[in-house]
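Worksheet: one structure, shown below.
The values are calculated or read from the model by the stated rules, or taken from the named source; none is laboratory data. What you see is a predicted model, and the numbers here were worked out from it, not measured in a lab. Cβ placement follows ideal geometry from the backbone for every residue including glycine, while neighbour counts extend to all protein chains displayed. Areas reflect the complete protein model, heavy atoms only, side chains present, ligands, DNA and RNA absent. Shrake-Rupley method; radii C 1.70, N 1.55, O 1.52, S 1.80 Å.
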Amino acid sequence: MSRGAGLMLAARLARRELRSGMRGFGVFLSCLFLGVFAVSAVGSVSRAAREGLLADARSLLGGDAELSLAQRELAPEPRAFLEARGEVSATAELRAMASAHRGETTRRLLVELKAVDEAYPLYGAVSLEPDLPLAEALAEAEGVFGAAVEELALRRLGLAPGDRVRVGQREYAVRAVIRGEPDRALRAFPLGPRFLVARDSLAGTGLLEPGSLVTHTYRLRLAEGQGEAEADTLLAELEQRFPDEGWRSRTFARAAPRIAYFLDRMTASLTLAGLCALLVGGLGVAGAVRGYLEGKLAHLAVMKCVGAPGRLLLQTYLLQILLLGALGSAAGVAAGAALPYAAAHLGSAWLPVPLRPALYPGPLLTAATFGLLVALAFSLAALDAARRVSPAVLFRGPSAGAGRSLPPGRAARAAVAGAVAVLVALAAAASGDARLALWFSAGAGLCFLVFRLVADAVVRLARAAPRPRDPRLRLGLSNLHRAGAPTRSAVFSLGLGLTALVTVALVQADLVALVEGDLPAEAPSYFFVDIQPAQVEAFEAAVAAVPGVTRLERLPTLRGWITHIAGVPADQAEIAPEVSWAVRGDRFLTYSATPPEGTRIAAGSWWPEEYAGPPLLSLTSDLAAGFGVGVGDTLTVNVLGRPVTAEIANLRDVEWATLGLNFALVFGPGVLEAAPQTHLAAVYAPPEREGEVFEAVTGRFPNISAVRVREVLENTSRVIGRIGWIFRAVGAVAVLSGLLVLAGALSADQHRRLRDAVIWKVCGATRRDILAVYGVEFLLLGLAAGTVSALAGTGAAWAVATGLLRTPFSVRPGAVVAAVAGGVLVTLALGLVGTARVLRRKPAPVLRND
């Protein structure tokens, strides 16, 4: 028979087999649906977010091109260059303290102040309540400028539209509430609500002192019809004409690099979490295929007897599996494709970026391919056993299970290995982070090996355990190692699902604790920003006058960004992903003749206190490792438009989790002292004295901004909590897949349980006795699965936290105990519910048919 004719015959046989229905494939289809849905949903929502960002790119940036400078305005010549090529809008952003008098009390609040000109916004519109033009809301009337503020500021200051509020030395009238701001990109961790004012009013606030931490931004709107190419050309010409200005520039195509980076990392992690659910579901695929083929042993033997070759049997059932796999994957893809529409409609208030729902073939095709590969990889062993079934089964009886005991042949093992290799390669390509995907693949392989060994160990321990005197305990224990018992499937499936959930729960708990609950014992109460050099002495005296203040740290600060690493431009240097944040924007930096308190030198040595030579720099060890530099190499930092190249004199180990006054870059003396600068201070005080510290500083120095550490951490914790719910949802899909696999394994064992229960009833056992026997079995199964998943999940969480996230890790007993208890309760519930049908059967009909 030719190969083509053989395939046609296999297709006809597969069609006839499927006419009898898909009984036994419920778990198969459900597991594939859940896993493919998770992967396709993550990919579709991520793509919708990217397209939404691209569609609103000009509004997010606020123009076709942008220049930003720290602590200084744009010089007249480059500004004239911009104005000759389009419409220009200038804004200034800084943090300030807003204060409002209510009766005899004064309320103060840190706000994010944004001063805009009449051309703002170049794209989009600011949405206000009441609905009035922005220029009218911010204009000067009766000697008072107006302001538009976020509702949160009104609540905290106890104000209403029409009330007065003071910022610095100027008073504003609140004329509107901000409902939408087009160029406000993702700000996951804001330090305060937005406060929008006219740029002409900023000079009267007294906040624009030399060295003040203000960012000046200039946006350009090109003529109609000009796009990304013209914007890139313009910026290139601008850099060529004014090479030493030291601004940061970008076009609308790169409007939100931090959002894109955030989406990349989150998509990679969620894709792998969804793949974890799909791999757990692969166990259900394997169990369903194996159970289906075991029920076909006699049929397979008959076909062998009439001359059917093993290849024909393999092709017949492989076509069935692929067709059913395509059906389950298609359902998962359809549900995943619909999620962006539902998210945009129902969850728009929760989402930090705009979604653009559509059908995106790339993520959907990837998810469907994942589903088919998993169906293939987890069914090939059973299909190979079916191919090699012996006709002798007809004479020994199907219960002999000849086909089931056959190990996969060499060709089947090679095919499984090939499918797994393609899965790993596809995971690396789909996640966008090959390193993370390879670590995940290695971890998944290790988990499968560990749970396989644990499942075998449970069976061996049950067989070798001493026989209890109580017959119910003895029978329950023997059920774990009897032929055909679902012990291995139960431990394997439920354990893997719970492991995924424990890992997610522990990692999220550590991230939340890092920013919320586990504040170090010596964490500062406040950071005070924008302290002018002339105010340092009075500021320290005001803080020292507050009883209970335990410590005050203060250092001069400037803003700058790293432009070259060891002589290589920063945008061309090889930088580790975990420290790429250091070159994505301006950084705080300082200088000091002596090592800051608590400094630990890891390499090199600190400079002499009276040093007066070429520029030297102290760099943190984590940045040095990520940059690939060491002592003796150089970094170039642009400070106020002036490039400063310094030799790295030493490397420092810094514990960022202490929240102390730490800087990644500390310059030596003789470099930055003459530059405009302000001071940054950290004040340590007991919680009951924090209010006095706040009043002592902000009441006397209106230009100094106070950042309360705990409030910032609460905002951060809120965002991490939202992200954590997303990961929990994907982890829950993995657990649900594990439960389906467990239910399928217990259901496949019902025939044996029915026969055992009938015999026990005939021998005098009551329903309570039978329930006790099964209760012991399911209790031990759940305890084994929960215990191992708690240990494996803890190990996986440790690897993720310390290896990938580089954050402190601690064991959370609550999550561990919950995993063990969950494994026990779920196994008991599913097992006993499935046993209810067994208990209702009468012995006579079963014995007659046996």
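Which one of these does A797 not meet: (1) exposed (fewer than 14 other Cβ atoms within 10 Å of the Cβ); (2) at pLDDT 75 or above? A797 satisfies every listed condition except (1).
Scanning the stretch 571-589 for residues that are open to solvent by less than 70 Å² (accessible area, probe 1.4 Å), in a loop (DSSP other than H, G, I, E, B) and closer than 11 Å to F627 by Cα yields a total of 3. Just to be sure I understand, how many residues within the stretch 127-160 are at pLDDT below 90, in contact with a Leu (Cβ under 8 Å, 6 or more places away or on another chain) and surrounded by 12 or more Cβ atoms within 10 Å (Cβ to Cβ)? So the count comes out to 3. E522 meets all of the listed conditions (1) modelled with pLDDT of 70 or more; (2) surrounded by fewer than 19 Cβ atoms within 10 Å (Cβ to Cβ); (3) of a type in the set (D, E) but one, namely (1). Residues in the stretch 667-687 that are of a type in the set (G, A, S), surrounded by fewer than 21 Cβ atoms within 10 Å (Cβ to Cβ) and either within 39 Å of the chain's Cα centre (by Cα) or closer than 15 Å to E647 by Cβ (or both): G670 only.
Tell me which residues, restricted to the stretch 392-417, are surrounded by 14 or more Cβ atoms within 10 Å (Cβ to Cβ) and either modelled with pLDDT of 70 or more or in a helix (DSSP H, G or I) (or both). If the condition is that a residue be surrounded by 14 or more Cβ atoms within 10 Å (Cβ to Cβ) and either modelled with pLDDT of 70 or more or in a helix (DSSP H, G or I) (or both), then V393, L394, P398, A400, P408, G409, A412, R413, A415, V416 are the ones that fit.
Tallying residues that are in a loop (DSSP other than H, G, I, E, B), among the aliphatic types (A, V, I, L, M) and either open to solvent by less than 50 Å² (accessible area, probe 1.4 Å) or in contact with a Ser or Thr (Cβ under 7 Å, 6 or more places away or on another chain) (or both) within the stretch 195-231 yields 4.
Take A176 and tell me if it is closer than 16 Å to Y120 by Cβ and surrounded by 17 or more Cβ atoms within 10 Å (Cβ to Cβ). So A176 passes the test. Of the set (1) assigned to a helix (DSSP H, G or I); (2) at pLDDT below 85; (3) over 25 Å from the mean Cα position of the chain (by Cα), all apply to A344 but (3).
For G192, are the conditions met, namely being under 30 Å from V697 (Cα atoms), surrounded by 20 or more Cβ atoms within 10 Å (Cβ to Cβ) and not aliphatic (A, V, I, L, M)? Criteria met by G192.
Are any of the residues in the stretch 632-647 open to solvent by 10 Å² or more (accessible area, probe 1.4 Å), without any contact (Cβ under 8 Å) to a residue 40 or more places away in the chain and charged (D, E, K, R)? There is at least one residue in the stretch 632-647 that is open to solvent by 10 Å² or more (accessible area, probe 1.4 Å), without any contact (Cβ under 8 Å) to a residue 40 or more places away in the chain and charged (D, E, K, R). Counted as qualifying within the stretch 73-170 are the strands (runs of 3 or more DSSP E) with 1 or more residues that are touching a residue at least 60 places away in the same chain (Cβ under 8 Å), more than 25 Å from T215 (Cα to Cα) and of a type in the set (A, V, I, L, M, F, W, C), namely 87-102.
Here is a yes/no grid of residues against (1) at pLDDT below 90; (2) assigned to a loop (DSSP other than H, G, I, E, B); (3) surrounded by 19 or more Cβ atoms within 10 Å (Cβ to Cβ):
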{"position": "V504", "(1), (2), (3)": "yes, no, yes"}
{"position": "V512", "(1), (2), (3)": "yes, no, no"}
{"position": "V515", "(1), (2), (3)": "yes, no, yes"}
{"position": "V546", "(1), (2), (3)": "no, yes, no"}
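Restricting A430, A462 to residues that are at pLDDT 80 or above, more than 18 Å from A500 (Cα to Cα) and surrounded by 14 or more Cβ atoms within 10 Å (Cβ to Cβ) narrows the list to A462. Pairing each residue of the stretch 354-367 that is farther than 14 Å from S329 by Cβ with any residue that is among the basic types (K, R), provided the two are 6+ apart or on different chains, yields C-beta distances under 8 Å for Y360/R47; G362/R47. The set of residues in the stretch 72-124 that are of a type in the set (K, R) and surrounded by 15 or more Cβ atoms within 10 Å (Cβ to Cβ) comprises R72, R79, R85, R95, R108, K114.
Can you spot a residue in the stretch 121-136 that is among the hydrophobic types (A, V, I, L, M, F, W, C) and under 25 Å from I704 (Cβ atoms)? No; the residues of the stretch 121-136 include none that is among the hydrophobic types (A, V, I, L, M, F, W, C) and under 25 Å from I704 (Cβ atoms). Every condition in (1) in contact with a Pro (Cβ under 9 Å, 6 or more places away or on another chain); (2) surrounded by fewer than 19 Cβ atoms within 10 Å (Cβ to Cβ) holds for P614 except the one numbered (1).
With respect to P182, determine if the residue is part of a loop (DSSP other than H, G, I, E, B) and either within 22 Å of A135 (Cα to Cα) or modelled with pLDDT of 90 or more (or both). Taking the combined requirement at face value, the residue satisfies it. Within the stretch 440-456, identify whether any single residue is closer than 18 Å to T267 by Cβ, within 20 Å of the chain's Cα centre (by Cα) and open to solvent by less than 40 Å² (accessible area, probe 1.4 Å), and answer yes or no. Scanning the stretch 440-456, I find at least one residue that is closer than 18 Å to T267 by Cβ, within 20 Å of the chain's Cα centre (by Cα) and open to solvent by less than 40 Å² (accessible area, probe 1.4 Å), so the answer is yes. For the stretch 104-127, the count of residues that are closer than 30 Å to A223 by Cβ, over 39 Å from the mean Cα position of the chain (by Cα) and small (G, A, S) is zero.
Looking for whichever is touching a residue at least 40 places away in the same chain (Cβ under 8 Å) and of a type in the set (G, A, S) here; the options are A425, A442, A415, A430. Which one fits? Result of the check over A425, A442, A415, A430: A430. Contact annotation: residue pairs with Cβ atoms under 9 Å, 6 or more positions apart or on different chains, pairing a residue in the stretch 284-307 that is closer than 13 Å to A385 by Cβ with a partner that is charged (D, E, K, R) and open to solvent by 10 Å² or more (accessible area, probe 1.4 Å), are R290/R404; Y292/R23; L293/R404; E294/R404; K296/E17; L297/R404; L300/R387. Scanning the stretch 609-622 for residues that are over 16 Å from P596 (Cβ atoms) and not small (G, A, S) returns E610, P614, P615, D622. I want to confirm something. Restricting to the stretch 589-639 and keeping residues that are of a type in the set (D, E) and over 20 Å from A674 (Cβ atoms), which single residue is modelled with the lowest pLDDT? Among those that are of a type in the set (D, E) and over 20 Å from A674 (Cβ atoms), it is E597. Checking each residue in the stretch 349-375 for being open to solvent by 50 Å² or more (accessible area, probe 1.4 Å) and either modelled with pLDDT of 85 or more or out of contact with any Gly (no Cβ under 7 Å at 6 or more places or on another chain) (or both) picks out A349, W350, L351, P352, L359, P361, L365, T369, L372. Since F694 meets every condition but one in (1) of a type in the set (A, V, I, L, M, F, W, C); (2) touching a helix residue (DSSP H, G or I) at 6+ places or on another chain (Cβ under 9 Å); (3) at pLDDT 85 or above; (4) open to solvent by 20 Å² or more (accessible area, probe 1.4 Å), which condition does it not meet? Among (1) of a type in the set (A, V, I, L, M, F, W, C); (2) touching a helix residue (DSSP H, G or I) at 6+ places or on another chain (Cβ under 9 Å); (3) at pLDDT 85 or above; (4) open to solvent by 20 Å² or more (accessible area, probe 1.4 Å), the lone unmet condition for F694 is (2).
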